[in-house]
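Any read-out appearing in this document is the output of simple, stated calculations on the displayed coordinates, not a laboratory observation. The shown structure was predicted, so the numbers you read here are calculated from the model rather than taken from an experiment. Every residue, glycine as well, gets a Cβ built from its backbone with ideal geometry; the counts of neighbours run over all protein chains shown.
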Amino acid sequence: MAPTGNDGDVLLRIEAKLELMLRLAALQVTSSMKQVQAIQTLSAAGFERKLIADLLGTTPNTVSVTLAKARAKQAAKSHEIPTVDPTTLVQSEE
């Protein structure tokens, strides 16, 4: 059951203040990050694409494309075969 009257007003004011605090915290955490890193960080924290776009002054589509590119890059990186520099290998003495 939804709150009514004064209780409803109080809860709405609390919700609005919490939203502002959340936005301020997100901006503070991402202030020194590049946009790609900020998008990834906020997405990993559970922020929705529209809110990320609002916070960073971009569009939800840009957020979606950035996240898709990051996922594709990570997938490609996980399939790479690691290379070994032979000069760093140490032969064991038996």
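Within segment 54-68, residues that are within 19 Å of Glu19 (Cβ to Cβ) have Cβ atoms under 9 Å from residues that are part of a helix (DSSP H, G or I) and charged (D, E, K, R) in these pairs: Asp54/Arg23; Leu55/Arg23; Pro60/Arg49; Pro60/Lys50; Pro60/Asp54; Val63/Arg49; Val63/Lys50, counting only partners at least 6 apart in sequence or on another chain. Answer yes or no: is there a residue in segment 63-70 that is more than 10 Å from the chain's Cα centre (by Cα), surrounded by 16 or more Cβ atoms within 10 Å (Cβ to Cβ) and assigned to a helix (DSSP H, G or I). Yes, segment 63-70 contains a residue that is more than 10 Å from the chain's Cα centre (by Cα), surrounded by 16 or more Cβ atoms within 10 Å (Cβ to Cβ) and assigned to a helix (DSSP H, G or I). Residues that are surrounded by 11 or more Cβ atoms within 10 Å (Cβ to Cβ), assigned to a helix (DSSP H, G or I) and in contact with a Phe, Trp or Tyr (Cβ under 9 Å, 6 or more places away or on another chain): does segment 45-59 have at least one? Yes, because at least one residue in segment 45-59 is surrounded by 11 or more Cβ atoms within 10 Å (Cβ to Cβ), assigned to a helix (DSSP H, G or I) and in contact with a Phe, Trp or Tyr (Cβ under 9 Å, 6 or more places away or on another chain).
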